[in-house]
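K.L.:
I am attaching a structure below and will ask some questions about it afterwards.
The values are calculated or read from the model by the stated rules, or taken from the named source; none is laboratory data. In this text the structure is predicted, and so the values were computed from the model without any measurement. Neighbour counts are summed over all protein chains in view; Cβ atoms, including those assigned to glycine, are modelled from backbone coordinates with ideal geometry. Remember, those area values only see protein heavy atoms, side chains included, never the ligands or the DNA or RNA. Shrake-Rupley method; radii C 1.70, N 1.55, O 1.52, S 1.80 Å.
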Amino acid sequence: MQASHILVPDRAQCQAIRSELREDEARFAELAARHSLCPSGQQGGSLGTFQPGQMVPAFEQAVRELEPHAISECVPTAFGYHVVRRDHD
């Protein structure tokens, strides 16, 4: 699987980013660079390719449920709240 994400500390900020992405999904990389707590933000949020079991279960489930290039609702994990985009199968 390949995915990108934007990690933020709280649900309100996650929902605000989701709202911005609903208006313009092309801004995903820009918003990741500006807001993500994860170092991947500097690569547009890209996590690259990962195998099952490498990510926390809630994150992996969100990626699996998305169609390619789709963006998730806010996904809570122990790290914070993620907006996830499935980049490829």
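K.L.:
Of all residues in region 62-89, which are open to solvent by 90 Å² or more (accessible area, probe 1.4 Å) and over 10 Å from the mean Cα position of the chain (by Cα)?
P.N.:
Here is the first cut: in region 62-89, the residues open to solvent by 90 Å² or more (accessible area, probe 1.4 Å) are 64-65, 67, 69, 73, 78-79, 88-89.
Correct list: 64, 65, 67, 69, 78, 79, 88, 89.
K.L.:
Next up: Taking the stated definitions as given, is residue 58 in a helix (DSSP H, G or I) and surrounded by 12 or more Cβ atoms within 10 Å (Cβ to Cβ)?
P.N.:
Details: in a helix (DSSP H, G or I): yes; surrounded by 12 or more Cβ atoms within 10 Å (Cβ to Cβ): yes.
When the stated conditions are applied, residue 58 passes them.
K.L.:
When the residues of region 1-19 are narrowed to those that are touching a His at 6+ places or on another chain (Cβ under 9 Å) and not in a helix (DSSP H, G or I), which ends up surrounded by the fewest Cβ atoms within 10 Å (Cβ to Cβ)?
P.N.:
The extreme case among them is 2.
K.L.:
Which residue is nearest to residue 1 (Cα to Cα), if the candidates are limited to region 20-51 and must be of a type outside the set (Lys, Arg) and open to solvent by 100 Å² or more (accessible area, probe 1.4 Å)?
P.N.:
Applying the filter and picking the extreme gives 51.
K.L.:
Turning to a different aspect of this structure: Residues of region 1-55 being free of Cβ contacts under 8 Å to residues at least 60 places away in the same chain, closer than 19 Å to residue 87 by Cα and among the hydrophobic types (A, V, I, L, M, F, W, C), which ones?
P.N.:
The answer is 26, 28, 29, 31, 32, 33, 38, 47, 50, 55.
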